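Here the structure is laid out as structure tokens; the discussion comes afterwards.
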Amino acid sequence: MEKMEKVEIFTDGACRGNPGPGGYGSIIRTRHKESEISGSAKNTTNNIMELTAAVVALKHLKEPCDVILISDSQYLVKGMTQWIKGWAKKGWITAAKQPVKNKDIWLELDQLSKIHKISWKWVRGHQGHIENERCDLLANMAVDKMNQ
């Protein structure tokens, strides 16, 4: 069996107002290259942008990879490491007996996590983590560009 390529993905989302105009930024780093991705949405939430950053980056991978995905979103990291199995078992209802928000994006992340071997890692935002700061800048630049 071939060894999967190791990939680091850094992600961040931003929103001006919640809901409001939002953006996301991702860095994909392989042994051979590094690329940046960003995008925006007119009326969204910060959580949707955090999840979208991860989805878009994972979709850029052309084959199954061994991924470390680093985000400052506890919503994303805890969602994928602690909550998602319980949500699926309970019919996508939260512990508070409410429908899971952003279910469509969670389902997409769940499908992508079956393709790749993903380690989800949380970092504290706005603490000088170089890649996290860059993703934050990419996300905010995407919002600025949309608002021009």
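What the table below lists for this structure:
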read-out	value
Subset of the stretch 1-26 (residues that are farther than 20 Å from residue 147 by Cα, surrounded by fewer than 22 Cβ atoms within 10 Å (Cβ to Cβ) and touching a strand residue (DSSP E or B) at 6+ places or on another chain (Cβ under 9 Å))	3, 4, 5, 6, 7, 8
Matching entry among 114, 97, 101 (being within 19 Å of residue 13 (Cα to Cα) and basic (Lys, Arg))	101
Single unsatisfied condition, residue 47 versus (1) part of a helix (DSSP H, G or I); (2) crowded, with 21+ Cβ neighbours inside 10 Å; (3) in contact (Cβ under 8 Å) with a residue 40 or more places away in the chain; (4) not aliphatic (A, V, I, L, M)	(2)
Answer residue from the stretch 68-127, given it is hydroxyl-bearing (Ser, Thr, Tyr) and under 14 Å from the mean Cα position of the chain (by Cα) and is surrounded by the fewest Cβ atoms within 10 Å (Cβ to Cβ) among those	119
Those residues of the stretch 14-45 which are under 14 Å from the mean Cα position of the chain (by Cα) and among the charged types (D, E, K, R), in sequence order	36
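Values quoted throughout were computed directly from the atomic coordinates according to the rules given, and no laboratory measurement underlies them. Here the structure is a predicted model, which is why all the values come from computation and not from measurement. Quick reminder, even Gly has a Cβ in these numbers, built from the backbone with ideal geometry, and neighbours come from all protein chains shown.
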